[in-house]
Amino acid sequence: MRFQVIVLGVLVGCAGGKPDAATPGPGTSPVPEAADSARITRPDAVWVLTTEFRGLYSAGFEEESFRPCDSRERWWVANPAELGRQYQELGAHPYEPVLAVILGDTSRAGPAGHLGLYQRYVRVHAVVRIERLDSLAAGVPPRCPAG
């Protein structure tokens with residue numbers, strides 16, 4: 001009887017461990033090395049498959065925000081290095097929204113980012129396109145352009 005309890009304990013302990021990062025679970029995608037070092041405050045987040053997203057990105061003090069064009073949500077960019085570098089190369093001012101098309105994956109919905117004010121995290125795997133919005137020069141509130 002004692003042997004069965006020990007074996008059961010070992011099996012339960014093995015099954016309850018964290019999955020290997022190289023072996024994604026259902027509904028997840030492998031994490032590229034660049035995203036492994038991302039500052040993610042919710043390591044328990046479940047990531048969905050890599051998708052192309054089009055939206056408004058802005059960055060500043062305590063802000064790494066991405067707002068998809070087809071959603072009212074705001075997402076915290078978990079690994080902003082490449083997106084932030086291109087944002088600066090555009091000459092965008094802090095907090096200035098720019099149009100960004102990215103390949104990435106998102107966490108499940110829940111408090112995310114600075115003070116938990118964002119609806120989910122997005123990990124950026126590639127920046128497809130980034131450009132300033134002409135509407136800002138005309139004093140029009142930022143929104144996603146058509147197309």
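The values are calculated or read from the model by the stated rules, or taken from the named source; none is laboratory data. Only a predicted model underlies this, so the values are computations on that prediction, with no experimental measurement involved. We place every Cβ from the backbone using ideal geometry, glycine too, and count neighbours over all the protein chains shown. For accessibility, only protein heavy atoms count, side chains too; no ligands or nucleic acids. Shrake-Rupley method; radii C 1.70, N 1.55, O 1.52, S 1.80 Å.
Here are some notes:
- Any hit, region 136-145, residues being buried (at least 18 other Cβ atoms within 10 Å of the Cβ), at pLDDT below 95 and either within 13 Å of the chain's Cα centre (by Cα) or not in a helix (DSSP H, G or I) (or both): no
- Taking region 87-135 as the range and being outside any strand (DSSP E or B) and open to solvent by less than 60 Å² (accessible area, probe 1.4 Å) as the test, the residues that pass are Tyr87, Leu90, Gly91, Ala92, Glu96, Pro97, Gly110, Gly113, His114, Gly116, Leu133, Ser135.
- Region 56-74: number of residues that are farther than 14 Å from Gly104 by Cβ and of a type in the set (Lys, Arg): 2
- Selection count where residues are free of Cβ contacts under 8 Å to residues at least 60 places away in the same chain and open to solvent by less than 60 Å² (accessible area, probe 1.4 Å), scope region 52-78: 14
- Residue satisfying all of: in region 42-78; of a type in the set (Gly, Ala, Ser) and assigned to a loop (DSSP other than H, G, I, E, B); modelled with the lowest pLDDT among these: Ala45
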